[in-house]
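The values are calculated or read from the model by the stated rules, or taken from the named source; none is laboratory data. Predicted model only: the values in this text are computed from it and were never measured. Cβ atoms come from the backbone with ideal geometry, glycine included; neighbour counts cover every protein chain shown.
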2 protein chains.
Amino acid sequence: MQNRPYNFSAGPATMPEAVLAQAAAEMLDWQGSGMGVMEMSHRGKEFVSIATQAHNDIRELLAVPDEFHVLFMQGGGLGENAIVPMNLCGSVSGQPTNGPVLTDFVVTGGWSQKSAKEAARYSQATVVASNESNQHQTLPDPAQWRLSDRARYTHICSNETIHGVEFQTLPDMAALGSKAPLVVDCSSHIASRPMEWSKVGLAFAGAQKNLGPAGLTLVFVRDDLLDQAMDICPTAFNYKQVAANQSMYNTPPTYGIYMAGLVFQWLKNQGGVAAVEAVNVAKAELLYDCIDQSGLYENRVAKNCRSRMNVPFFLKDESLNDAFLATARERGLLQLKGHKSVGGMRASIYNAMPLEGVQALVDHMRDFEKTQA
Amino acid sequence: MQNRPYNFSAGPATMPEAVLAQAAAEMLDWQGSGMGVMEMSHRGKEFVSIATQAHNDIRELLAVPDEFHVLFMQGGGLGENAIVPMNLCGSVSGQPTNGPVLTDFVVTGGWSQKSAKEAARYSQATVVASNESNQHQTLPDPAQWRLSDRARYTHICSNETIHGVEFQTLPDMAALGSKAPLVVDCSSHIASRPMEWSKVGLAFAGAQKNLGPAGLTLVFVRDDLLDQAMDICPTAFNYKQVAANQSMYNTPPTYGIYMAGLVFQWLKNQGGVAAVEAVNVAKAELLYDCIDQSGLYENRVAKNCRSRMNVPFFLKDESLNDAFLATARERGLLQLKGHKSVGGMRASIYNAMPLEGVQALVDHMRDFEKTQA
């Protein structure tokens with residue numbers, strides 16, 4: 001057991017202790033430069049080396065193909081909900097647009113719902129499949145999606161942080177007869193498993209779950225999608241501009257990039273994404289097994305799409321919620337309360353949560369259930 | 001003399017050593033919470049208390065009137081160049097707009113130039129005064145500004161970071177016969193002097209010069225300006241939405257807010273903005289006097305608008321530039337190279353630069369000049 005409590009926050013979320021320790025040690029002086037990272041000009045050689053290393057490391061970790069640009073941006077997932085359509089729904093290569101621009105959305109929880117709503121301000125956005133009638137507890141079968149003939153893109157949220165629904169594999173748009181590039185909001189499970197790039201046109205992720213602090217957004221965009229921004233797209237959020245300026249068109253969130261870079265180094269030290277994925281599988285199995293075997297707890301998500309990262313669960317007797325949380329806190333298990341729109345509990349078990357933390361949670365859950373017997 | 005070198009970066013810029021030391025000490029555990037600040041849910045009581053304190057402190061430090069909202073946002077100054085017009089150039093209170101929406105810009109350097117260019121994508125933007133023919137070394141007399149009759153707003157950059165031009169007092173739009181609210185980009189001198197709120201409609205500042213790390217933007221917006229956003233304004237960047245959600249519509253840059261909050265506490269410990277301003281005046285006098293009294297250095301900005309924060313200067317023999325920078329570095333004086341668009345040298349002497357740092361620079365300048373005699 002570590003000295004610090006285990007923090008199950010859904011994001012901003014627990015960071016690897018070694019990363020925080022290094023950041024603390026370097027706060028006043030980064031590697032003999034006489035400056036803390038926060039104090040460096042983003043155009044100076046010291047910070048450029050930090051950003052370049054972070055960029056190279058995430059490309060290596062996720063095996064990002066050459067035809068994708070990796071952008072460090074700001075605004076988070078909710079910002080991207082507007083930034084994506086502003087970048088993808090303009091005229092293509094300067095050719096006039098013929099009729100309304102269509103976009104397709106697969107709604108699988110709170111996040112994709114918000115994405116569809118925001119995109120409707122910039123395009124004719126259609127919900128082509130939804131699990132709303134199942135309380136966001138299933139994944140709609142891709143074969144049943146009512147895809148538009150000529151959507152500019154199809155959007156999914158590959159892991160729904162609030163509802164705990166995860167795509168175990170990405171849909172293959174070509175196999176579904178669609179030419180639309182797939183846009184993937186992978187904020188809450190990026191780098192927890194390999195990415196199926198051949199199925200992706202654009203992916204984005206707020207850093208504050210698996211990669212680092214809030215205020216940094218990673219965008220992975222295929223080169224052929226850089227030439228269709230709307231005229232109204234702000235220059236600072238225009239992917240082509242950001243790519244052409246190595247993510248330094250405007251001053252980037254320098255400290256966030258540094259922290260993400262330390263996380264990338266930590267991931268490499270763990271053996272990379274495949275090694276971390278194996279631990280994530282073990283953690284999720286441990287927790288879901290505990291829930292499924294108990295008489296007190298339940299997870300309502302269909303087994304084929306349960307998230308490895310975000311595990312919402314309920315106490316069948318909800319009057320015990322406060323006692324469960326209070327005794328968890330006494331054992332050093334923090335931030336387990338569920339999202340207000342769902343209720344109950346939620347354990348977010350991102351990359352930085354060790355197996356020991358999940359074991360400690362499971363121990364608590366079993367002990368607590370016994371006290372209620 | 002402090003142990004660390006003196007860092008004259010224009011931004012991201014030097015931070016108070018005490019602030020960095022506190023951040024380092026709290027990195028793994030903020031005040032016994034068992035979590036670092038970076039790991040806290042933005043909706044948890046710990047982080048809400050940090051954000052509330054920061055909010056209250058900046059209001060107190062700058063004596064922000066009640067009718068202004070203080071927003072913590074993302075995207076920096078270049079982001080705001082689009083976000084401001086997207087928030088101010090829509091229909092007012094739902095009434096249809098009559099004809100094109102006009103905006104006025106006073107160009108006094110590189111930053112206001114960029115602001116005008118970006119706003120032209122959202123409005124009919126007019127440069128109503130410019131110091132370009134004077135190489136951005138003077139301030140156009142407000143009495144000569146050719147203000148539009150019905151501009152939605154008039155934009156100034158009250159301190160030009162690159163060209164070193166500062167408004168010593170803000171223009172009084174009402175006295176100039178204009179009803180347009182004044183929009184002030186005060187990124188590089190915010191909190192270095194009191195703010196004349198009675199003359200301001202909206203002010204914004206990237207934090208990375210006087211307030212904290214890059215990736216946090218402060219926006220101060222008068223309440224009556226919240227009801228005129230364009231339909232295309234992204235929800236995450238809509239001031240009304242951000243204000244209604246206490247800057248937590250989307251996940252804010254939590255660590256940046258924490259660091260800015262530590263800077264606010266530090267400013268209060270220094271005696272507040274008036275006390276810091278007195279030091280800033282002394283620092284600027286010391287440096288400009290050294291330049292003006294020398295035969296080697298020159299600053300070309302008119303004396304009535306020289307910036308207290310950003311001091312560009314040139315060696316009359318430019319072949320000495322590299323030697324000047326190299327010997328400065330040996331003495332622990334960092335990041336003195338001028339902006340690429342201007343050349344020469346630039347010393348940024350923000351709030352966090354102590355008088356001793358400017359004295360050390362002046363000592364170096366005098367010693368270097370002597371070696372050339």
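Could you say which residue among B:G79, B:G75, B:G110, B:G99 is surrounded by fewer than 23 Cβ atoms within 10 Å (Cβ to Cβ) and within 16 Å of the chain's Cα centre (by Cα)?
It is B:G110.
Here's the yes/no breakdown for (1) farther than 24 Å from A:T251 by Cβ; (2) charged (D, E, K, R); (3) not in a loop (DSSP other than H, G, I, E, B):
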residue: B:T52; (1), (2), (3): yes, no, yes
residue: B:L78; (1), (2), (3): no, no, yes
residue: B:N87; (1), (2), (3): no, no, yes
residue: B:P100; (1), (2), (3): yes, no, no
residue: B:W111; (1), (2), (3): no, no, yes
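Given (1) closer than 21 Å to A:D223 by Cα; (2) among the acidic types (D, E); (3) out of contact with any helix residue (DSSP H, G or I) (no Cβ under 7 Å at 6 or more places or on another chain), where does A:D172 come up short, assuming only one miss?
Among (1) closer than 21 Å to A:D223 by Cα; (2) among the acidic types (D, E); (3) out of contact with any helix residue (DSSP H, G or I) (no Cβ under 7 Å at 6 or more places or on another chain), the lone unmet condition for A:D172 is (3).
Which ones in the stretch A:290-305 are charged (D, E, K, R) and either at pLDDT below 95 or under 24 Å from the mean Cα position of the chain (by Cα) (or both)?
A:R300, A:K303
Kindly evaluate B:V70 against the criterion of being surrounded by 22 or more Cβ atoms within 10 Å (Cβ to Cβ) and assigned by TED's automatic domain parsing to the domain that holds B:S187.
no
Which one is nearest to A:I232 (Cα to Cα), of the residues in the stretch A:113-156 that are part of a loop (DSSP other than H, G, I, E, B) and charged (D, E, K, R)?
A:R121
Out of (1) in contact with a helix residue (DSSP H, G or I) (Cβ under 8 Å, 6 or more places away or on another chain); (2) under 25 Å from A:T169 (Cα atoms), the odd one out for A:S123 is which?
(2)
Taking into account only those residues within the stretch A:7-33 that are more than 9 Å from chain B (Cβ to nearest Cβ) and within 27 Å of the chain's Cα centre (by Cα), which is surrounded by the fewest Cβ atoms within 10 Å (Cβ to Cβ)?
That would be A:A18.
When the residues of the stretch B:34-46 are filtered to those that are more than 8 Å from chain A (Cβ to nearest Cβ) and farther than 14 Å from A:Q208 by Cα, which remaining residue is surrounded by the most Cβ atoms within 10 Å (Cβ to Cβ)?
B:E46
Of everything in the stretch A:170-201 that's basic (K, R) and assigned to a loop (DSSP other than H, G, I, E, B), which residue is farthest from A:A143 (Cα to Cα)?
Here the answer is A:R193.
Just to verify a result, which residue in the stretch B:47-84, among those that are touching a Cys at 6+ places or on another chain (Cβ under 9 Å) and within 15 Å of B:R152 (Cβ to Cβ), is nearest to the other protein chains (Cβ to nearest Cβ)?
Only one residue fits best here, namely B:A82.
If you check A:M38, A:M15, which single one turns out to be assigned to a helix (DSSP H, G or I), in contact with a helix residue (DSSP H, G or I) (Cβ under 9 Å, 6 or more places away or on another chain), hydrophobic (A, V, I, L, M, F, W, C) and in contact (Cβ under 8 Å) with a residue 12 or more places away in the chain?
So the residue among A:M38, A:M15 that is assigned to a helix (DSSP H, G or I), in contact with a helix residue (DSSP H, G or I) (Cβ under 9 Å, 6 or more places away or on another chain), hydrophobic (A, V, I, L, M, F, W, C) and in contact (Cβ under 8 Å) with a residue 12 or more places away in the chain is A:M38.
Select, from B:E132, B:E118, the only residue that is assigned by TED's automatic domain parsing to the domain that holds B:F237, of a type in the set (D, E, K, R) and touching a residue at least 40 places away in the same chain (Cβ under 8 Å).
The conditions single out B:E118.
Check off (1) touching a Ser or Thr at 6+ places or on another chain (Cβ under 6 Å); (2) among the hydrophobic types (A, V, I, L, M, F, W, C); (3) part of a loop (DSSP other than H, G, I, E, B) for A:A205 and give me the number that stays unchecked.
So the condition that A:A205 fails would be (3).
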